[in-house]
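The next block holds one structure in the form of structure tokens; read it before the comments.
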Amino acid sequence: MNSINKDNSIVAVHGLGGDSFSTFTKDNCLWIRDLLPSSSYFANARIMTFGYDARAFIRPFSKGINGRVFTFAQELLVDLDVNRRSPKEKRRPIIFLGHSLGGIVIKSALRHAHERYSPYGSILDATRAVVFFGTPHQGSDAATWAAFLGSIGKVVRLRNTEVVDELKRWSNPLVELTTVFSELRDQFQITTFYEKQTTNGVFIVPHGSAVMGGKMERIRGLEADHHQVCKFTEDDVNWHTVLTHLEAIAYGIQEEFELPKPDATNENISGVGTAPPRVLQRPNTPPSNRRLLTASEWDEETFGDLRVTQMQ
């Protein structure tokens, strides 16, 4: 067990109306790149994003785009697998981050890895935690999705849109996925963040839909709406809350494999110490100028992108 690689892999998956970078960006701060590596727990983490065309879940775009939850989940596994080729890479613990629909894609991917263990078992075994940001595990009703789509109307550039039936409340695909994933979830550290502010007057993913109900699930509300629940700057109260939970996850992984822990210089509400910030960048290079590297340019301490498909 002690042979496990101590450097985590972070895999972030965006949701409906977002893309690989903007979903996690606020005021030009892409926090998974600009803030997370400053924590001593993630200084050596391999941070990746996965992009897919989420318009496949919005009518009428869905008619011209071949893709559903299972399709994108399978592509996530394939892309992640080919970028974890060496034995060392395959031993890296994985922490998935999913916003909204991205959380559903992650759940579907882990289910698929369980069912097709031969090619994807290393991903399932390496997965130590899943962090959900406003993920609609039970779906949402048509009126709620309508409010959300109205708020991203400028992005999709079309009026009179609606989500496909797959994302509506208690749809058969979501019920089936929830049932199957309930048999897997207790092997992961599950952290759920839910929105405490409305979007266009409604909660897009209310507390009841955002929570899975696992016995080991950590649940925390954030003072944000559905769009902002996964967007942070360094001074945000929400960021410090999320960072505390992410560091607790990393601490738990290190505890599991009895690995050396960073020296603690202070204590937070969860009892997890954080070392002085360390930013992975060349000297005198401001954070905004850090270049995002593609998968072919990865090394052990870079920010990589599995595949980016931004919404037009």
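Only residues that are within 30 Å of residue 174 (Cβ to Cβ) and either at pLDDT below 90 or β-branched (Val, Ile, Thr) (or both): list them for the stretch 245-266, please. Passing the criteria: 249, 253. Of the helices (runs of 4 or more DSSP H) lying entirely inside the stretch 135-237, those containing at least 1 residues that are at pLDDT below 80 span 142-151, 153-156, 172-181.
Of the helices (runs of 4 or more DSSP H) entirely within the stretch 64-129, those holding at least 1 residues that are more than 24 Å from residue 176 (Cβ to Cβ) occupy 69-82, 87-90, 117-126. Looking only at the stretch 89-113, residues that are over 26 Å from residue 245 (Cα atoms) and among the charged types (D, E, K, R) come to 0 in all.
Of all residues in the stretch 207-227, exactly one satisfies the criterion of being touching a residue at least 40 places away in the same chain (Cβ under 8 Å) and either surrounded by fewer than 18 Cβ atoms within 10 Å (Cβ to Cβ) or touching a Leu at 6+ places or on another chain (Cβ under 6 Å) (or both), namely 208.
The values are calculated or read from the model by the stated rules, or taken from the named source; none is laboratory data. As the structure is a computational prediction, the values presented were derived from the model and not from experiment. Cβ: placed from backbone, ideal geometry, glycine included. Neighbour counts: every protein chain shown.
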